[in-house]
Amino acid sequence: MTYQQTADYILGIPKFTRKNDVAQTKIFLEYLGRPQDRLKVIHVAGTNGKGSVCAYLDGMLRSEGKRTGLFTSPHLVRLNERIVLDGEQISDDGFCAAFEKTMEAVRRMEGEGLPHPSFFEFLFGMAMYAFAQAEMEYAVLETGLGGRLDATSAVERPLICVITSIGYDHMQYLGDTLEEIAGEKAGIIRPGVPVFFSSASDESDSVILRTAREKKSFCKKIGKDAFEILGIQNKHIAFSCSSAYYGTTTWKLNNTGIYQPQNALLAMEVMRYLFGEEGHPDRWREALAELKWEGRMEELLPDIYIDGAHNISAIEAFVESVPQGGAGNVVLFSAVQDKDYEKMAAYLGRNMDAELYIVTHIDDARGEDAEILGEIFRKYTKAPVEVKHTVWEAFTFVREHQEGRRIYCLGSLYLAGKIKELIQEGI
């Protein structure tokens, strides 16, 4: 099969199957030859910052000379983005090879009356096969939704578990309180396996600490008192660490998100645990300063940014990161129907210094209607609100009206991916 045929097949999976439980994913991995047994797995869950922490871990591990596989979701433009080997997206040929091996396993399963893996499970299986086949030493795995019931939890004995900031998202699946959501995320913790987590609230912190205690797992909390933000300059955010292990050195991230230093330090503490006195923090510092994580306060063109903020806690962090005053801010927003976009719109309208809002519809079955989004934004802001019915119309309009303003595109990673694709096409 060609690359496009494999991609079309995978993207069509949701039409004929549903999510399976973790026990079924374990069986799937058995049919793939238990690739997880050949990998040192770092398992990452959380509400916000999962992808960034995974990317930071991957970059720092490679700075130590380790071979790494990185599995993240969602992708912005191409499926290959989800499977990264030694810092490079899997090639189209490699993608097709992993697909064929995975399909062989699926055909044997179906021949014995077992269900077809879901979209996410299938890609997870492909990634694990590809990592093992390429003889990666480490695999950094980002959960999809939740943790306890996530396909990635089929790895029974990870090397380390990591939980990023907990906030409100996917409440229809994970629960209505921070305690319930944290309980689902803490479901990745395994008996005796060390866990590192970002402090977010007393409610979520207490659940993670209690779960670690019950599992007899070493547990370390990374709070905001563990670092100090020094400032933003030349598109980098600088911070220092309170631990003597890191000395008095200034650390820099190739990003302006005010939330990223805590993500970086969480990954740094995992590295410190893994390598101790044999680690090379100077190499980690270089890796972090150079690393770019797509879709997170990413500047695609001069003063045009995309950010994956798609829940209220991420929107709050986004607003805190955006320069207020000076050159005007313009927000291009879209969202999917199952997100609390009214709460996001309300926070933006009340707290964001924006001259103009443009709302649009994502070309996806879950995308919310642009007119509905427009009505909601007008409830919470006195700034003009423009409604555009396609991302192409919205982005073309915003480009025509930029005039020295900063443009921020947010509300959904689907939107971020579509804008990135439009720019790659030269629009």
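Under the condition of being in a strand (DSSP E or B), among the aliphatic types (A, V, I, L, M) and at pLDDT below 95, the residues counted in region 356-403 number 1.
Within the option set 372, 407, being in the same structural domain as residue 333 (by TED's automatic domain parsing) and crowded, with 19+ Cβ neighbours inside 10 Å holds for one residue only, 407. Every listed requirement among (1) out of contact with any helix residue (DSSP H, G or I) (no Cβ under 8 Å at 6 or more places or on another chain); (2) crowded, with 22+ Cβ neighbours inside 10 Å is met by residue 310 save one, (1).
Scanning region 39-84 for residues that are among the polar types (S, T, N, Q) and touching a residue at least 60 places away in the same chain (Cβ under 8 Å) yields 47, 48, 52, 63, 68, 72, 73. Determine whether region 81-94 contains at least one residue that is of a type outside the set (Gly, Ala, Ser), surrounded by 18 or more Cβ atoms within 10 Å (Cβ to Cβ) and in a helix (DSSP H, G or I). Scanning region 81-94, I find at least one residue that is of a type outside the set (Gly, Ala, Ser), surrounded by 18 or more Cβ atoms within 10 Å (Cβ to Cβ) and in a helix (DSSP H, G or I), so the answer is yes. Once region 271-308 is narrowed to residues that are of a type in the set (Gly, Ala, Ser) and at pLDDT below 90, the residue that is nearest to residue 66 (Cα to Cα) is 295. Can you tell me how many residues in region 155-178 are within 14 Å of residue 144 (Cα to Cα) and without any contact (Cβ under 8 Å) to a residue 12 or more places away in the chain? Count: 0. Can you spot a residue in region 415-422 that is out of contact with any Ser or Thr (no Cβ under 9 Å at 6 or more places or on another chain) and surrounded by fewer than 22 Cβ atoms within 10 Å (Cβ to Cβ)? Yes: region 415-422 contains one or more residues that are out of contact with any Ser or Thr (no Cβ under 9 Å at 6 or more places or on another chain) and surrounded by fewer than 22 Cβ atoms within 10 Å (Cβ to Cβ).
Considering (1) more than 30 Å from residue 312 (Cα to Cα); (2) of a type in the set (S, T, N, Q); (3) in contact (Cβ under 8 Å) with a residue 60 or more places away in the chain, the lone condition that residue 89 does not fulfil carries the number (3). In region 2-27, of all residues being within 22 Å of residue 114 (Cβ to Cβ) and touching a helix residue (DSSP H, G or I) at 6+ places or on another chain (Cβ under 7 Å), the one that is surrounded by the fewest Cβ atoms within 10 Å (Cβ to Cβ) corresponds to 14. Restricted to strands (runs of 3 or more DSSP E) entirely inside region 107-222, those with at least 3 residues that are at pLDDT 95 or above, surrounded by 19 or more Cβ atoms within 10 Å (Cβ to Cβ) and touching a strand residue (DSSP E or B) at 6+ places or on another chain (Cβ under 7 Å) are 138-142, 160-163, 195-198. Looking across region 29-78, the residues that are surrounded by fewer than 24 Cβ atoms within 10 Å (Cβ to Cβ) and among the acidic types (Asp, Glu) come down to 30, 37, 64.
Name the residues in region 114-168 that are among the hydroxyl-bearing types (Ser, Thr, Tyr) and within 25 Å of residue 275 (Cα to Cα), would you? Within region 114-168, 138, 143, 152, 153, 164, 165 meet the criteria. The set of residues from region 90-108 being farther than 14 Å from residue 3 by Cα and among the polar types (S, T, N, Q) comprises just one member, 102. For region 179-229, the set of residues classified as of a type in the set (Ser, Thr, Tyr), out of contact with any Leu (no Cβ under 8 Å at 6 or more places or on another chain) and either closer than 27 Å to residue 299 by Cβ or without any contact (Cβ under 8 Å) to a residue 12 or more places away in the chain (or both) is empty.
The values are calculated or read from the model by the stated rules, or taken from the named source; none is laboratory data. If you're wondering where the values come from, they're calculated on a predicted model, not measured in any experiment. Cβ: placed from backbone, ideal geometry, glycine included. Neighbour counts: every protein chain shown.
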